[in-house]
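Report on the following structure.
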Amino acid sequence: MLEHRQFYINGAWVNPAKAHDFDVIDPSTEEKCAVISLGGQADTDAAVAAAKGAFDSWSQTSKEERLALLEKLLDVYNARQEEMAVAMSMEMGAPISMSRTNQVGAGSWHLEGFIKAFRAFEFESDFTATEKTLKEPIGVVACITPWNWPMNQIVLKAVPAIATGCTVVLKPSEIAPLSGALFAEFMHEAGFPAGVFNMLNGDGVGVGSQLSVHPDVDMVSFTGSSRAGILISKAAADTLKRVSLELGGKGANIIFADAGEKAMKYGADRCFRNSGQSCNAPTRMLVERSVYDQAVTIAADVATKTHVGPASEEGKHIGPVVSKAQFEKIQGLIEVGMGEARLVAGGLGRPDGLNRGYYVKPTVFADVTNDMRIAQEEIFGPVLSIIPFDSEEEAIAIANDTPYGLTNYIQTPDDDKRRRVARRVRSGMVETNAQGFAQGSPFGGYKQSGNGREGGTYGLEEFLEVKAVSGWSSK
């Protein structure tokens, strides 16, 4: 069993001010795989003080100095990929093959994207011949990250904050903290100055709340549930700090009759990826009525053929969900769905042959209406709801009838229709015809899916203040 009780503060690994052991559970086995310590107010204060103390000097370093350290970080990250893959697979249940490619790869892909964007980024511009506009780091940033895509979210927050001259206190999820501790090792090995990056473990009620209200924290960047995002926003209001939120989703995947069987298979498979634990998953499949029965049959077949197994196994299967609490929440909503709609695949309990671990059957509900709980609530598991529609207008109305607005999906070879619908659906991202987004593309949502954007130039902008200076001669 691993022991990671220390925090990384001011360039060194330090013991918590007061021991508060917390067990990390391997979701594949339900066994304890590591122990960490949860921080308290004294630890939070120490980490924030270190970041505040380092800000003045770090914010004045040159772009070239910061770029060199980011490039070194990428080298370290790439050299230690296998360690990171094993850590994430163990702590949150991603199958090791997926952890190596998608989970680890997400971090390196975004880091490369930030390096590329940072090289071209300009911190100063001439507004007029005698007025200059400056972009300056906001200050101390608290990065509070989730368990479902650990490196994706840590890199999307900590790297652009540090690149722009901010200093950081990272609180990774206490459920999946091993990857965050490993990332702290990477930062140390890359040679970032003491205090620029700090990491401490804690839960949302403790360290998360302490960072949100701390007077010396200038900004909170949070990814997680909409419920927690609301609490963080309220906690941060008293100090009027900036809050950037990447929250839940209930993505609609609009499949028109001309999209074909391939789009139906992709939609189901995409919903089940990462065991359904992605905020941008297409969990509502909206299907034109003339091909609705075909889509239900295909989605049910995809669910039945999706293998579920331990994270330690090689292969293209899906693993467990992250925790007992998450497993029980999903089971509860599947039970709700069985009373609301028609179950065509999956259902309650673990898949056959698995009697231990937080494994969920890939589940498909048909004849769903958009007012049902399973259509409105973010289940965050491998559960797909299929809803018929009769017209383009109806599809748009159903897609938009949700408190969320993160990612919607459109499947049709008709370019005009695809673009027309993309303009009308209310979400920060619209993926069409299974075409992924480019490196540095802005990631974020509308409505209760949050505010702000992550990735590339947009992600750098999040951590900057804009200053206007008059009387500045450009000569």
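Values quoted throughout were computed directly from the atomic coordinates according to the rules given, and no laboratory measurement underlies them. Just so we're clear, the structure is a prediction, and the values are computed from it rather than from any experiment. Heads up, the Cβs are rebuilt from the backbone with ideal geometry, glycines too, and the neighbour counts pull from every protein chain shown.
On average, how much area does the Cα convex hull of region 34-113 cover when viewed from any direction, in nm²? Mind showing how you got there, number by number?
Numbers: hull surface 28.3 nm².
Result: 7.1 nm².
Per the helix-only calculation at 222 nm, which mean residue ellipticity applies to the chain, given -39500 (n - 2.57) for every DSSP H run of n ≥ 4 and division by its residues, nearest 500 deg cm²/dmol? Before the final figure, lay out each step's value.
Details: 15 runs with 181 residues, N = 475.
One gets -12000 deg cm²/dmol as the mean residue ellipticity at 222 nm.
Beyond 21 Å, what percent of the Cα pairs of region 191-308 remain? Could you put the intermediate results ahead of the total?
Working: 3894 of 6903 pairs.
Looking at region 191-308, the distances longer than 21 Å represent 56 percent of pairs.
How many nm separate the modelled label positions at Gln60 and Asp203, each set 7 Å beyond the Cα in the direction of the Cβ?
Rounded to a tenth, the inter-label distance reads 4.3 nm.
Which whole DSSP H helices in the chain pass both tests: a Cα extent of 15 Å or more along the axis and a mean Kyte-Doolittle value no lower than -0.5? Mind showing how you got there, number by number?
Details: long enough: 41-59 (26 Å, -0.10); 63-79 (24 Å, -0.25); 81-92 (16 Å, 0.05); 104-120 (25 Å, 0.32); 150-163 (19 Å, 1.03); 178-190 (18 Å, 0.70); 226-237 (16 Å, 0.80); 261-272 (17 Å, -0.85); 292-305 (20 Å, 0.21); 324-340 (24 Å, -0.18).
Span-like helices, by this rule, are 41-59, 63-79, 81-92, 104-120, 150-163, 178-190, 226-237, 292-305, 324-340.
Of all alpha-carbon pairs in region 337-438, indicate the percentage at a distance above 20 angstrom.
On the way: 2504 of 5151 pairs.
Here the tail beyond 20 Å accounts for 49 percent of pairs.
Past 28 Å, Cα to Cα, is the threshold; run Lys171/Lys265; Lys72/Lys234; Lys32/Lys241; Lys250/Lys316 against it and keep the listed order.
Values: Lys171/Lys265 37 Å; Lys72/Lys234 38 Å; Lys32/Lys241 37 Å; Lys250/Lys316 24 Å.
The answer is Lys171/Lys265; Lys72/Lys234; Lys32/Lys241.
Which log10 I(q)/I(0) values does the chain give at q = 0.07, 0.09, 0.12 Å⁻¹ under the Debye formula, counting every alpha carbon as one identical point scatterer?
Log10 I(q)/I(0), no solvent term: -0.37, -0.61, -1.04.
Looking at this model, which pairs from Lys361/Lys447; Lys157/Lys467; Lys157/Lys361 are more than 29 angstrom apart at the alpha-carbon? Numbers along the way, then the final one.
On the way: Lys361/Lys447 31 Å; Lys157/Lys467 22 Å; Lys157/Lys361 33 Å.
Beyond 29 Å between Cα atoms: Lys361/Lys447; Lys157/Lys361.
With the radius of gyration and the Kirkwood radius both derived from the Cα set of region 85-134, what is their ratio Rg to Rh? Intermediate results must be reported in sequence, preceding the final value.
Numbers: Rg = 19.4 Å, Rh = 13.6 Å.
Ratio of gyration radius to Kirkwood radius: 1.42.
How would Val383, Val243 line up from fewest to most surrounding beta-carbon atoms within 10 angstrom?
Val243, Val383
At 0.36 nm per residue, minus the direct Cα-Cα distance, what do Asp352 and Gln294 gain on full extension? Give it in nm, one decimal, please. Could you put the intermediate results ahead of the total?
Working: separation 58, 0.36 × 58 = 20.88 nm, distance 2.64 nm.
Difference between extended and current length: 18.2 nm.
What aspartates and glutamates could a cross-link reach from Lys135, if we take a straight Cα to Cα line under 15 Å and drop same-chain neighbours fewer than 8 places away?
Once the sequence-local aspartates and glutamates are set aside, what remains near Lys135 is Glu122, Glu124, Asp126, Glu461, Glu462, Glu465.
Could you give me D for region 277-357, from Stokes-Einstein at 37 °C and 0.692 mPa s, where the hydrodynamic radius is the Kirkwood radius over C-alpha pairs? Units µm² s⁻¹, please.
My calculation gives 224 µm²/s for D.
Once you have the Cα-Cα distance between Glu82 and Arg424, take 0.36 nm times their residue separation minus that, and quote the gain in nm to one decimal. Working shown, then result.
Details: separation 342, 0.36 × 342 = 123.12 nm, distance 4.26 nm.
Net length gain for the segment: 118.9 nm.
Contour minus end-to-end for Gln439 and Glu131, with contour as 0.36 nm per residue of separation and end-to-end as the Cα-Cα distance? Provide the component values of the computation, followed by the final result.
On the way: separation 308, 0.36 × 308 = 110.88 nm, distance 3.35 nm.
Length difference between fully extended and current span is 107.5 nm.
What is the distance, in nm, between label points placed 7 Å from the Cα along the Cα-to-Cβ direction at Lys18 and at Asp45?
My value for the distance between the label points is 1.2 nm.
What Kirkwood Rh does region 252-440 have if only Cα atoms enter the pairwise 1/r average? Answer in Å.
Numbers: mean 1/r = 0.0604 Å⁻¹.
When all Cα pairs of region 252-440 are included, the Kirkwood radius is 16.6 Å.
Filter the trypsin sites (Lys or Arg not before Pro) in region 23-114 to those in DSSP coil with at most 12 other Cβ atoms within 10 Å of their Cβ, and list the result.
Numbers: sites: Lys32, Lys52, Lys63, Arg66, Lys72, Arg80, Arg100; in loops: Arg80.
Here no loop site has a sparse enough neighbourhood.
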